[in-house]
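Input: a single structure, listed below in structure tokens.
The values are calculated or read from the model by the stated rules, or taken from the named source; none is laboratory data. Just so it is clear, the structure is predicted and the values come from calculations on it, not from any experiment. Positions of Cβ are backbone-derived with ideal geometry, glycine not excepted, and every protein chain shown enters the neighbour counts.
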Amino acid sequence: MNITVVTPYDSSNYGAFLQAYCLQQYLVSAGHSVTHIPTRPADYVEALYFHRMPVTKKEKLIPGVYRRHTAYGKKKYELFSRAQKAFHVTEDLSDTELIVLGSDEIWNVKNPVFAASVFWGKINIPTISYAASVGDADEETFRSFPDQIEQLRRLKCALVRDENTRRFVEAHSGLKPEIVCDP
């Protein structure tokens, strides 16, 4: 089966990378073809590591500080970019038979990145979640995100990683999600 995984594989966080990688490896070992869909613009990801111009007061006043920060950030970004080659990334979903949302706190709308529709399955392809989490987002927070809640109702299956998310998905989707561990 051709599966597309939606998770922050391109985060500057080792845990996010490992979750994405382990899920991918498990699916591949089960005989599936796995791709990842970009979840944020490349320039945004690059800016997590270094800035093209001085940002802090210290960097603006002392050029050597900016050069050191930039050199260090570029080296980290180079290593990150090499590691990212472990993922086949595409925006073309024409061959995708199943979307897997997760793992990670991809439904924590308190983080503006995760309010993006890509993390909620706004795609006309069968969609499930695996080890997804709302983190510390609560009902009050979600009142500002009715489109995201509506997308939960379209899930074919929901596997979540914590009790808070299980209750949330059950209340808004009609599904009875199982709690699973992160990949």
Output yes when any residue across segment 125-147 is modelled with pLDDT under 90 and under 25 Å from residue 24 (Cβ atoms), and no when none is. no
Quick check on segment 16-35: of everything there that is touching a strand residue (DSSP E or B) at 6+ places or on another chain (Cβ under 8 Å) and among the small types (Gly, Ala, Ser), which residue is nearest to residue 90 (Cα to Cα)? 33
Within segment 148-157, can one find any residue that is touching a residue at least 24 places away in the same chain (Cβ under 8 Å) and β-branched (Val, Ile, Thr)? no
